[in-house]
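Read-outs throughout are calculated quantities, based only on the coordinates presented, and are distinct from any laboratory measurement. Predicted model only: the values in this text are computed from it and were never measured. Heads up, the Cβs are rebuilt from the backbone with ideal geometry, glycines too, and the neighbour counts pull from every protein chain shown.
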Amino acid sequence: MITRSQFRSLLARLVDNLGWKIVSLLLSIGLWIVIRIAVVEEYEASQINRGPMAIRQIQNVPIIIQTSSTDTNRYVIEPQVVAVSVEGQSVLLETLDATRIRVVADLTQQAGEEAFAVALEVEVPDDFAFRSCQPQSIRVGRGGQ
């Protein structure tokens, strides 16, 4: 239990420099409000500028074959193009074309097989989100030396 002298000591420490403590509290509350308003306004402005979101499928995106510099093989791939679905602002989606999308088949880890399947890696511009790729993998065969 707290004694009367301990209570007075505690009260004296609370009241000591009370003016500065109140000013500090008011400044911190004011700063928090200003930052909060700025963050909320920025978020709301970004939501308005985003416009409606949409999904679009880009057809006939060519596949880039990635091999090691020492690989002298010729490869035949099936299919040679894919369809990529992306999500973004509908206004920006109108300007997106297949040349801005990279679909890569990495053959650097394949060792000696005559025919194999490779999963595709898709890269879209930063303004968009990748949704899907059809097909997700391709068949690769050696076409000769």
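Annotation for segment 115-145: chymotrypsin sites (Phe, Trp or Tyr not before Pro) lying in DSSP loop with at most 14 further Cβ atoms inside 10 Å of their Cβ do not exist. Remark: relative contact order (the chain) = 25 percent; criterion is Cα-Cα distance under 8 angstrom and separation of 6 or more residues. A straight line joining the Cα centroids of segment 112-133 and segment 21-42 runs 47 Å. Summing charges over neighbours of A12, with a neighbour being any other residue whose Cβ is under 14 Å away from its Cβ, gives +3 when K and R count +1 and D and E count -1. In vacuo Debye scattering of segment 53-144, one point per C-alpha: log10 I(q)/I(0) at q = 0.15, 0.21, 0.25 Å⁻¹? Treating every Cα as an identical point scatterer, log10 I(q)/I(0) equals -0.59, -0.94, -1.21. Summing charges over all other residues whose Cβ lies under 14 Å from the Cβ of R142, with Lys and Arg as +1 and Asp and Glu as -1, gives -2.
Can you compute the helix-only [θ] at 222 nm over the chain? Use -39500 (n - 2.57) per DSSP H run of at least 4 residues, normalise by all residues, nearest 500 deg cm²/dmol.
Working: 3 runs with 49 residues, N = 145.
It comes out at -11000 deg cm²/dmol, rounded to the nearest 500.
Highest-first packing order for the peptide set 121-127, 1-7 is 121-127, 1-7, based on the mean count of other beta carbon atoms within 10 Å.
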